[in-house]
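A.B. asks: Mind looking over this structure? Questions follow.
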Amino acid sequence: TMKLFVSLAFLVGTPRLILSQKVDDGSWVYVMDGAPASGPPPSSGWHSSSDCTEDFAIDEYPNAPIPDNSPSCGNAPGTPVVDQIVIGEHGLIEDIDVRVEFDHTWIGDLQITVTHVDTGTSLVLWDQRCGSNSPLVDYDITFDDEGPITFCSDVNLGGVAPSNSGSGPLNVFNGENMYGTWELTVTDWCGADIGTLIGWELMIEHECTCPGGCINPCTPENIYHHEFYHPSCNGDHKFLQCSAFGQCYEQPCAYGTRWCQAYKTCIHDDKYKGDIRCPSDDCGSCLELGPPGSCEVDSCLHTVCSLDSYCCNVYWDGYCVDEAIAYCANGYPQLCTASPDALQAAASLPQSVREP
């Protein structure tokens, strides 16, 4: 028997999974760019066919003067003009271009840098290039890794690749979450010429996000390892659920509960401690034989006794322990925690013969 998962990919450039099949013995076979393969999907260098991308753009127009570095020239930078753009949305960057609009009477004086403040990643887009070889004063340059080599006679033509005009390619930002603060810094390294930073724009292609704007955790690796449940970026009263096809859904926790990633379930608010263990109570006495009502975890005691009054009126027997395992240790939401050894020991307890 073979379970079949089919999806199509139309984007090119990066290897993409076209067809995956889960076989009864747990192995996988799939088609990568038309070539059959087997084993778990590779951990990097490709995208799931369920992946998609979205375009995002944001701009800012400060019209800020670029301070001249008079009278020094080349020994130390002048006072830079710094402008910020804040992105409030999430998304893993797949490609980024930066457009900068400014005027200056000597472009060879200027160094232009873009920085993702939240990650610390920074790149020099323009590093004192061209000088007298550029006849222009008004500039509107798009920095793009796919841009041509720098043409000083008309740097506005097409795009400019920062690997030629600056310190390297813009793909240093790929894989980062675009969320947060971005800075553009323009520095004049020589005197006598002046200019203005008119505006700038970030143009980002990013992986599609989940409903609610969270980064999609439904990667091929997570799907392969059956990691279908993840925390939401919109607070701990919601969680993200993945389908076998890599689709992402945001789900609410029941009223009075919140998500615990350690146990991949929603737990009662009064049990949440904000750490990776989440439930604070050990099931302990609830998994042992004892007098009626001997379970010391109140939420578990009330749950079991509401289903089986024998446990609180006569004796906390093996049936009660089984119910504590089902509805408390393994319940949804989980009411208390138990180690595998404790669960195994509790499951082996004898069942009592109840009086009719």
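A.B. asks: Can you pull out the residues in segment 191-247 that are among the aromatic types (Phe, Trp, Tyr) and under 21 Å from Cys266 (Cβ atoms)?
C.D. replies: Phe228, Tyr229, Phe239
A.B. asks: Could you identify the single residue in Phe239, Phe245 that is at pLDDT 90 or above and of a type in the set (Phe, Trp, Tyr)?
C.D. replies: The conditions single out Phe239.
A.B. asks: Right, something else. Please give the strands (runs of 3 or more DSSP E) falling wholly within segment 158-239 in which 3 or more residues are surrounded by fewer than 21 Cβ atoms within 10 Å (Cβ to Cβ).
C.D. replies: 180-188, 195-207
A.B. asks: Condition test on Trp189, is it under 19 Å from the mean Cα position of the chain (by Cα), assigned by the TED database to the domain that holds Gly78 and touching a residue at least 24 places away in the same chain (Cβ under 8 Å)?
C.D. replies: No; evaluated as a whole, the condition is false for this residue.
A.B. asks: For segment 294-314: of the residues being more than 45 Å from the chain's Cα centre (by Cα) and open to solvent by 30 Å² or more (accessible area, probe 1.4 Å), which is farthest from His268 (Cα to Cα)?
C.D. replies: Val314
A.B. asks: With respect to Gly318, is the statement that it is among the small types (Gly, Ala, Ser) and either farther than 25 Å from Pro252 by Cβ or open to solvent by 40 Å² or more (accessible area, probe 1.4 Å) (or both) true?
C.D. replies: yes
A.B. asks: Could you tell me whether any residue of segment 62-80 is modelled with pLDDT of 90 or more, under 15 Å from Trp189 (Cα atoms) and open to solvent by less than 40 Å² (accessible area, probe 1.4 Å)?
C.D. replies: For segment 62-80, residues modelled with pLDDT of 90 or more, under 15 Å from Trp189 (Cα atoms) and open to solvent by less than 40 Å² (accessible area, probe 1.4 Å): absent.
A.B. asks: Taking Asp341 as the residue in question, decide whether it is modelled with pLDDT under 90 and either open to solvent by less than 30 Å² (accessible area, probe 1.4 Å) or assigned to a helix (DSSP H, G or I) (or both).
C.D. replies: Yes: the conditions hold for Asp341.
A.B. asks: Of everything in segment 100-116, what is open to solvent by 30 Å² or more (accessible area, probe 1.4 Å), touching a Ser or Thr at 6+ places or on another chain (Cβ under 6 Å) and either acidic (Asp, Glu) or outside any strand (DSSP E or B) (or both)? Give them in sequence order.
C.D. replies: Asp103
A.B. asks: Scan segment 164-197 for residues that are of a type in the set (A, V, I, L, M) and either within 18 Å of Glu146 (Cβ to Cβ) or modelled with pLDDT of 85 or more (or both) and jot them down.
C.D. replies: Within segment 164-197, Leu170, Val172, Met178, Leu184, Val186, Leu197 qualify.
The values are calculated or read from the model by the stated rules, or taken from the named source; none is laboratory data. All values reported here derive from a predicted model rather than from experimental measurement. Here the Cβ is made from the backbone with ideal geometry for all residues, glycine too, and neighbour counts use every protein chain on show. Remember, those area values only see protein heavy atoms, side chains included, never the ligands or the DNA or RNA. Shrake-Rupley method; radii C 1.70, N 1.55, O 1.52, S 1.80 Å.
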